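First up is the structure itself, then whatever we jot down about it.
The values are calculated or read from the model by the stated rules, or taken from the named source; none is laboratory data. This one's a predicted model, so the numbers in the text were calculated from it and none came from an experiment. All Cβ positions, even for glycine, are placed from backbone atoms using ideal geometry, and neighbour counts span all protein chains on display. Side chains are part of the model used for accessible areas, which takes the heavy atoms of the whole protein and leaves out ligands, DNA and RNA. Shrake-Rupley method; radii C 1.70, N 1.55, O 1.52, S 1.80 Å.
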Amino acid sequence: MNQNNTNNPIAILVINCGSSSVKFSLIQPHTGDTLLSGLAECLLTKQASITLKHAQEKTVLPLTSPFDHQSALAVLVQHLHDNNLVNMIKAVGHRVVHGGEKYAQPVLITAKVEQEINQLAALAPLHNPANLIGIKACKTAFSQLPQVAIFDTAFHQTMPEKAYLYGIPSTLYTEHGIRRYGFHGTSHYFVAKQAASLLNKPLSECHLISAHLGNGCSITAIKAGESVDTSLGMTPLEGVMMGTRSGDIDAGIIFHLVNKLGYNIDDVDTLLNKKSGLLGLSQLSNDCRTLEDAMLNSLDEKEQKQATLALRVFCYRIAKSIASYSASLTQLDALIFTGGIGENSSWVRAEIIKQLGLLNFFVCDEKNTAARFGQGGNIAKENARACLVIATNEEWVIAEQSAKLLEL
Ligand code: ADP
């Protein structure tokens, strides 16, 4: 770290751009301090608005025509100017979902990199084009600043062939790139690094299983600090069950839906990506909080049963996935819980851990109940293997890696 940074603080603007939203935060890369954060949403509609959180104040402003990403960034730029924050921004760091096999590291965005992110849209049609919109809008709004791409797939580029190949004809991999890439890499990397510091050893000596449980969920096996397998696949549909995504199913179900039940392929896509998971099984909600509430408090017996069943299937499938990674590791220091559910739901964590006794995971009820809303730590019983609750911070990784690449 540059010693001047203490006197002359710098910040990185971190951008996570979706097709109709932009999440942003202004972060000091060496400390992780967030100076400002916010979200522009409902973009490309007349309801488009931007929420700015700055100095413990929250401001919501409507956007003006054309209600797009550029309109949102114009409001942000004005706010940064009004509050004398512009001069400290040294770069823009973008979360980019798919880096394919090409990008295992952060990269300075050039015209060629943009072109490659565009080509990789073949593998992430919903995400990479949206990320590119953010990159282009920031190039206009912050024309003088370097832009860095941090890829969600990058951390998993250390997976061995046996983990990333599917049991399908090998030409589909060699000619079309069909393989496991994995996602949530920035989050798994961040919590692994935090775990290393809690375990008091270098990351390169840590053997971990990390469970990122949010709306999207993934489990990663980390051997000597590197990802060696992960549950999300070529797309973010594989693996454990999620909020609205099915996770693993028998692929034969798709043929049955199409050949016998009259679904077309778009219907199947919507069914598996948007109507399955916790939402599909419970027929109530994709939101873990709502389901826990229904399980514990609903007076409607059917609703209560369905919420309970959905949560139990969710936890069992996660426990099974965690246990399966004992085949990827030769040692195991800890299991990590992160993401909105992993960081906050003591019920989900307890339900998962109680199915993992064979791996010497046992939960301490008291510690587990206390670990919520930013309170983390080891929730395992004494003498059991560590179970760490760690709040993820992908934005900090993006800021830190951008600063490192640019030697700031
Ligand atoms: P995303 O993947 O969109 O970033 P998050 O990581 O924010 O999502 O996780 C959202 C999930 O976390 C939702 O299912 C939400 O219900 C769950 N969650 C947040 N707080 C709690 C809580 N206190 N108890 C249980 N679940 C929670």
Problem - Residue in the range 336-351 that is farthest from Phe183 (Cα to Cα), counting only those that are within 13 Å of the ligand (Cβ to nearest atom), surrounded by 19 or more Cβ atoms within 10 Å (Cβ to Cβ) and aliphatic (A, V, I, L, M) - result: Val348
Problem - 1 or more residues more than 22 Å from the chain's Cα centre (by Cα) and aromatic (Phe, Trp, Tyr): qualifying strands (runs of 3 or more DSSP E) within the range 47-111 - result: none
Exercise for the section: Could you tell me whether Ser20 is touching a Cys at 6+ places or on another chain (Cβ under 7 Å), in a loop (DSSP other than H, G, I, E, B) and within 25 Å of Leu126 (Cα to Cα)? Expected result: yes
Exercise for the section: Please work out if Thr290 is within 22 Å of the chain's Cα centre (by Cα), more than 24 Å from Phe183 (Cα to Cα), open to solvent by 10 Å² or more (accessible area, probe 1.4 Å) and β-branched (Val, Ile, Thr). Expected result: yes
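Report, by residue number, each residue of the range 117-128 that is crowded, with 17+ Cβ neighbours inside 10 Å and either assigned to a helix (DSSP H, G or I) or not hydrophobic (A, V, I, L, M, F, W, C) (or both). Before the answer, list the steps.
Going through the range 117-128, the residues crowded, with 17+ Cβ neighbours inside 10 Å turn out to be 117, 120-121, 123-124, 127-128.
Scanning the range 117-128 gives Ile117, Leu120, Ala121, His127, Asn128.
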Completion exercise
Of the listed residues (Leu85, Leu61), the one being open to solvent by 50 Å² or more (accessible area, probe 1.4 Å) and over 21 Å from Lys136 (Cβ atoms) is Leu61
Handout entry: Among the residues listed as Leu279, Leu311, the single one being touching a helix residue (DSSP H, G or I) at 6+ places or on another chain (Cβ under 7 Å), of a type outside the set (S, T, N, Q) and surrounded by 16 or more Cβ atoms within 10 Å (Cβ to Cβ)
Key = Leu311
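Out of Leu388, Leu332, report the one residue that is farther than 25 Å from Ala307 by Cβ and assigned to a loop (DSSP other than H, G, I, E, B).
Numbers: Leu388 fails: assigned to a loop (DSSP other than H, G, I, E, B).
None of the other options fit; the residue is Leu332.
Name the strands (runs of 3 or more DSSP E) wholly inside the range 162-268 in which the number of residues that are touching a Leu at 6+ places or on another chain (Cβ under 6 Å) and crowded, with 18+ Cβ neighbours inside 10 Å is 1 or more. Outline the logic, then answer.
Values: elements: 208-213, 217-223, 226-230.
It comes to 208-213, 217-223.
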Practice task
Please determine, by comparing only the residues of the range 269-295 that are in contact (Cβ under 8 Å) with a residue 24 or more places away in the chain and outside any helix (DSSP H, G or I), which one is farthest from Thr235 (Cα to Cα).
Solution key: Leu284
Practice task
Report, ordered by the first and then the second residue, all pairs with beta carbons closer than 7 Å, sequence separation of six or more or different chains, a first member in the range 326-355 that is under 19 Å from Cys288 (Cα atoms) and acidic (Asp, Glu), and a second member that is more than 8 Å from the ligand (Cβ to nearest atom) and part of a loop (DSSP other than H, G, I, E, B).
Solution key: Glu343/Ala391
Exercise for the section: Working carefully through the options Ser25, Ser49, Ser37, find the one that is polar (S, T, N, Q) and in contact with a Pro (Cβ under 9 Å, 6 or more places away or on another chain). Expected result: Ser49
Exercise for the section: Select from the range 388-406 the residues that are buried (at least 21 other Cβ atoms within 10 Å of the Cβ), of a type in the set (A, V, I, L, M, F, W, C) and within 14 Å of the ligand (Cβ to nearest atom) and list them in ascending order. Expected result: Val389, Ile390
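So which residues in the range 83-96 are at pLDDT 95 or above and touching a helix residue (DSSP H, G or I) at 6+ places or on another chain (Cβ under 9 Å)? So that I can check it myself, show each step before the final result.
Let us first name the residues in the range 83-96 that are at pLDDT 95 or above, namely 88-96.
Within the range 83-96, Ile89, Lys90, Ala91, Val92, Gly93, His94, Arg95, Val96 qualify.
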Problem - Scope the range 135-158; condition within 18 Å of the chain's Cα centre (by Cα), open to solvent by less than 30 Å² (accessible area, probe 1.4 Å) and either of a type outside the set (Ser, Thr, Tyr) or at positive phi (or both); matching residues - result: Ala149, Ile150, Phe151, Asp152, Ala154, His156
Problem - Subset of the range 287-317 [within 30 Å of Thr158 (Cβ to Cβ) and within 13 Å of the ligand (Cβ to nearest atom)] - result: Phe314, Cys315
